[in-house]
1. If neighbour count is taken as other Cβ atoms inside 10 Å, put 40, 47, 23 in order from fewest to most.
2. Please compute the length gained on full extension between residue 43 and residue 57, using 0.36 nm multiplied by the number of residues separating them and subtracting their Cα-Cα distance.
3. Please sort by residue number the trypsin sites (Lys or Arg not before Pro) in the stretch 47-80 whose DSSP state is loop and whose Cβ has at most 13 other Cβ atoms within 10 Å.
4. Order of 38, 50 from fewest to most other C-beta atoms within 10 Å?
5. Please arrange 34, 63 by counting, for each residue, the other beta carbons lying within 10 Å of its beta carbon, fewest first.
6. When a/c is below 1.5 the answer is rounded, else prolate if a/b is larger than b/c, else oblate, so apply that to the stretch 21-80 with a ≥ b ≥ c taken from the square roots of the Cα gyration tensor eigenvalues.
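FYI, it's all coordinate maths here, none of it is from the lab. No experiment lies behind these values; they were computed from the predicted model shown. Cβ coordinates were reconstructed from backbone atoms using ideal geometry, including for glycine residues, and neighbour counts include every protein chain displayed.
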Amino acid sequence: MRGLVGRRTGGGVGGGAGRGPADVVGQVCSELAVDLPDEDLGEYLYDCIDLYRMGSKPRCEEVEYLGMVQDAIDRIECGE
């Protein structure tokens, strides 16, 4: 599923059966973009974690940012 984390296709709103992986990715990425409007999330969410420079934000913002991105990745991998 790692390859799907960066795709921003679809964007089905609402939950339910019948949603494909692209719909889940689109919805989770859209929600994350709303929660983090000032961040450039890039094409792949894993890059947000892998390329992040520790100490580039105040500590409390850093923890919140990394936690939100990791939560989004986990949701995509679980298909939520």
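1. Details: 40 6, 47 14, 23 18.
Starting with the residue having the fewest Cβ neighbours, the order is 40, 47, 23.
2. Numbers: separation 14, 0.36 × 14 = 5.04 nm, distance 2.10 nm.
Taking residue 43 through residue 57 to full extension adds about 2.9 nm, to one decimal.
3. Working: sites: 53, 59, 75; in loops: 53.
Those that pass, being in a loop and sparsely packed, are 53.
4. Details: 38 4, 50 8.
So the residues, fewest neighbours to most, are 38, 50.
5. Values: 34 8, 63 11.
Least to most surrounded, the residues fall as 34, 63.
6. Details: a/c = 1.99, a/b = 1.86, b/c = 1.07.
Verdict is prolate for the stretch 21-80.
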